[in-house]
Amino acid sequence: MVAQRTFMAKPGEVEKQWHIVDASDEILGRLASDIAVVLMGKHRPEYTPHVDCGDFVIVTNADKVAMSGRKMDVRHYTWYTGHPGLRLESYGDRQQRKPEDLILHAVRRMLPKNKLATQMLKKLKIYAGPEHPHTAQQPAVLQRTGKKLKTNQ
């Protein structure tokens, strides 16, 4: 009887692909979870936890991402400046000031909390408008199962 061996990917073996996502009218959390899966490489059969098996992801129209309900006004980012006091900024204000940060922070918090996550996050390219400089990589449209935000018509 022959024992079956477990496949472990090695860092140079995995072929990286490029995917593109249009974030207009997408719900932020659902979009971020789909992107995090692709960055980690969990969509591949040769996924290995200790090797960066993920692909590159380009996100366009980050300024048009949405949240359900009143979360854009009610929820806040908080950060400490190093001086006395805590800073607060609503998601809506942050979207107007830095639209790329909403997606970046949502995806960053869904990645593993280790040194490998910084490598994975470098493969995420976010742009506020519809144009991006990565046409030479010929990105394929990412097939998603997420829901789009329904607009009242």
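Nearest 0.05, what FRET efficiency do M8 and H132 give at R0 = 25 Å with Cβ-Cβ as r?
Details: r = 34 Å, r/R0 = 1.35.
That gives a FRET efficiency of 0.15.
Working from Cα pairs under 8 Å separated by at least six residues, relative contact order for the chain is 33 percent.
Accessible surface calculations at 1.4 Å, restricted to protein heavy atoms, place the chain at 66 Å² per residue.
Only helices enter this figure: runs of n ≥ 4 DSSP H residues, each worth -39500 (n - 2.57), summed and divided by the residues of the chain, yield -7500 deg cm²/dmol at 222 nm to the nearest 500.
Considering only beta bridges that DSSP places wholly inside the chain, some 35 percent are antiparallel. Highest average first, the peptides 80-90, 11-21, 26-36 ordered by how many other beta carbon atoms sit within 10 Å of their residues are 26-36, 11-21, 80-90. The share of accessible area on segment 36-153 that comes from carbon and sulfur is 52 percent, using a 1.4 angstrom probe. Rounded to the nearest 10 degrees, the inclination of helix 99-108 to the longest alpha-carbon principal axis of the chain is 40 degrees.
Is the C-alpha gyration tensor of the chain telling us rounded, prolate or oblate? Criteria: a/c under 1.5 is rounded; beyond that, a/b larger than b/c is prolate, otherwise oblate. It is prolate, given that a/c is not under 1.5 and a/b is the larger ratio.
The values are calculated or read from the model by the stated rules, or taken from the named source; none is laboratory data. Remember, predicted model here, so these are calculated numbers, not experimental data. Every residue, glycine as well, gets a Cβ built from its backbone with ideal geometry; the counts of neighbours run over all protein chains shown. Quick note on the areas: whole protein, heavy atoms, side chains included, nothing else; ligands and nucleic acids left out. Shrake-Rupley method; radii C 1.70, N 1.55, O 1.52, S 1.80 Å.
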